[in-house]
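The values are calculated or read from the model by the stated rules, or taken from the named source; none is laboratory data. Just so it is clear, the model here is predicted, and its values are computed rather than measured. Counting neighbours? That spans all protein chains shown, and the Cβs are built from the backbone with ideal geometry, glycine included.
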Amino acid sequence: MSEATRVPVRLGERSYDILIGKGLLAQAGEHIAALAPKARLAIVTDENVAALHLPALAASLDRAGLGHSTVTIRPGEASKAYGPFAEVCDGLLATRVERGDLVVAFGGGVVGDLAGFAAAVIRRGMRFVQIPTSLLAQVDSSVGGKTGINSRHGKNLVGAFHQPSLVLADTTVLDTLSPREFRAGYAEVAKYGLIDDAPFFHWLEKHWAEVLAGGPERQEAIAISCRAKAAIVARDETETGDRALLNLGHTFGHALEAVTGYDSARLVHGEGVAIGMVLAHEFSARLGLCAQEEPSRVAAHLDAVGLPTRLSQVPGGAGTMDGLMAAITQDKKVKRGKLTFILTRGIGESFIANDVDPAAVTTFLTEKLAEAR
Ligand SMILES: NC(=O)c1ccc[n+]([C@@H]2O[C@H](COP(=O)([O-])OP(=O)(O)OC[C@H]3O[C@@H](n4cnc5c(N)ncnc54)[C@H](O)[C@@H]3O)[C@@H](O)[C@H]2O)c1
């Protein structure tokens, strides 16, 4: 077992550690017992993760003498909805968890967002531990305390900020992730390079195959990503400023998720983000903010990794202009008729633009949709 990497998230009294390493699942009991020695644990997981990894987690908790029960949801984005949320809350209450007990979010971003939101509201707030099992969850969603569900009005529109007390990212559990889901998580890894770390993006261009294969580069890429996220969250916990940079590619990406009906068979979140990041670079080039080579380089890298980068790659089509614009203007990054986009002056030079003219987006998307036909 290699040494775990510790990344602190510095948020005053809400500070916590992210531990990243091989075999951490087997040590989960010790780590959680150190945090809350007498707590009972209510694990929230999904059917896929339960079948593959729950026995290892349960055995570790048993060894540490921690009592636990489990609430299992259906896998997929469709579970981030009112109905499943109510089921999780009632499931947790049925386990008779008390305020001093802990909720354990054991799964990908869907489980993390749903269980974290339940932990935020059950008994007016319970502590929770994130044990992320997808690459996307390890590098992004398990860190920073954004929790929530989708509404028919859009993605993540109902939720709360609720920080976990600990994040345990066991990199070996990623070996059972499908290649498609692994690549989807990789989009969020590349995002950190594109936001403000060009050397990291260049490193990824050289080492992406090792990151996919699971060598030490995987742990390094996850640690760099977590440090980047932790730094942004520490500067701006509730997204009044800088944290919005993490939405690079997400306004377009969320719109694509909405027009494909949050159907994981067509598009998963990270794939939407991959196409969205390329579009954000192309749109920036169109506005004269960056050179035309920049979007090409971003697309070439994501293409090499096997991610979709063009609207024509959305199975079943990328919807209509009206559908996309409705989703974009409903997204929470809209203020007084102007759109907020994360734009870029080049790789590693993203910035928040609060005054994007919707007409410019419409013209750009009209062209992109025409190209996709
Ligand atoms: N809270 C945040 O800050 C934040 C940030 C980014 C994304 N998100 C959210 O995260 C969600 C996407 O997360 P995701 O990509 O992890 O999706 P997911 O939770 O749906 O997981 C993807 C699939 O992989 C399976 N899976 C997970 N771990 C596995 C493993 N180790 N082995 C085999 N299968 C495994 C799941 O069962 C699921 O079928 C979206 O809802 C997105 O909005 C939240």
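Say we look at region 309-326 and pick out the residues that are part of a helix (DSSP H, G or I) and of a type in the set (Gly, Ala, Ser); which of these is modelled with the highest pLDDT? Quick ask: steps written out before the conclusion?
Within region 309-326, the subset part of a helix (DSSP H, G or I) is 311-313, 321-326.
Cutting the leftovers down to of a type in the set (Gly, Ala, Ser) gives us 312, 323, 326.
Details: 312: 96, 323: 92, 326: 89.
Within region 309-326, the match that is modelled with the highest pLDDT is 312.
Just so you know, in region 24-57 the residues that are among the charged types (D, E, K, R) and within 12 Å of the ligand (Cβ to nearest atom) include one that is farthest from residue 117 (Cα to Cα), and it is 47.
Would you call residue 86 part of a helix (DSSP H, G or I), surrounded by fewer than 20 Cβ atoms within 10 Å (Cβ to Cβ) and within 16 Å of the ligand (Cβ to nearest atom)?
Working: part of a helix (DSSP H, G or I): yes; surrounded by fewer than 20 Cβ atoms within 10 Å (Cβ to Cβ): yes; within 16 Å of the ligand (Cβ to nearest atom): no.
No: the conditions fail for residue 86.
Filtered by the rule that a residue be within 24 Å of residue 268 (Cα to Cα), touching a Phe, Trp or Tyr at 6+ places or on another chain (Cβ under 9 Å) and not in a helix (DSSP H, G or I), region 44-80 gives 44, 45, 46, 76, 80.
Within 15 Å of the ligand (Cβ to nearest atom) and touching a residue at least 12 places away in the same chain (Cβ under 8 Å) - does that describe any residue in region 59-66? Steps first, answer last, please.
Going through region 59-66, the residues within 15 Å of the ligand (Cβ to nearest atom) turn out to be none.
No, every residue in region 59-66 fails to be within 15 Å of the ligand (Cβ to nearest atom) and touching a residue at least 12 places away in the same chain (Cβ under 8 Å).
Condition check ((1) closer than 26 Å to residue 6 by Cα; (2) within 11 Å of the ligand (Cβ to nearest atom); (3) at pLDDT 95 or above) across all residues:
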site	(1), (2), (3)
145	yes, yes, yes
150	no, yes, no
158	no, no, yes
165	yes, no, yes
170	yes, yes, yes
175	yes, yes, yes
178	no, yes, yes
188	yes, yes, yes
195	yes, no, yes
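Determine, yes or no, whether residue 329 is polar (S, T, N, Q), within 12 Å of residue 252 (Cα to Cα) and part of a helix (DSSP H, G or I). Judged against the criteria, residue 329 is a match.
Going by the structure shown, is residue 134 within 8 Å of the ligand (Cβ to nearest atom), within 21 Å of residue 76 (Cβ to Cβ), surrounded by fewer than 22 Cβ atoms within 10 Å (Cβ to Cβ) and free of Cβ contacts under 8 Å to residues at least 60 places away in the same chain? No: the conditions fail for residue 134. In this structure, residue 206 does satisfy being out of contact with any helix residue (DSSP H, G or I) (no Cβ under 8 Å at 6 or more places or on another chain), more than 7 Å from the ligand (Cβ to nearest atom) and part of a helix (DSSP H, G or I).
Tallying residues that are surrounded by fewer than 22 Cβ atoms within 10 Å (Cβ to Cβ) and in a helix (DSSP H, G or I) within region 183-199 yields 3. Taking every residue in region 185-207 that is under 16 Å from residue 219 (Cα atoms) and pairing it with any residue that is at pLDDT 95 or above and among the charged types (D, E, K, R), at least 6 positions away or on another chain, the pairs with Cβ-Cβ distances below 6 Å are 188/140; 207/217.
Of all residues in region 136-170, those satisfying the criterion of being closer than 14 Å to residue 117 by Cβ and of a type in the set (Ser, Thr, Tyr) are 141, 142, 147, 151. Residues of region 233-279 that are surrounded by fewer than 24 Cβ atoms within 10 Å (Cβ to Cβ), part of a helix (DSSP H, G or I) and near the ligand (Cβ under 10 Å from one of its atoms): 233, 243, 246.
If you go through region 118-128 one residue at a time, do you hit one that is in contact (Cβ under 8 Å) with a residue 40 or more places away in the chain, assigned to a helix (DSSP H, G or I) and either crowded, with 24+ Cβ neighbours inside 10 Å or near the ligand (Cβ under 7 Å from one of its atoms) (or both)? Yes, region 118-128 has at least one match.
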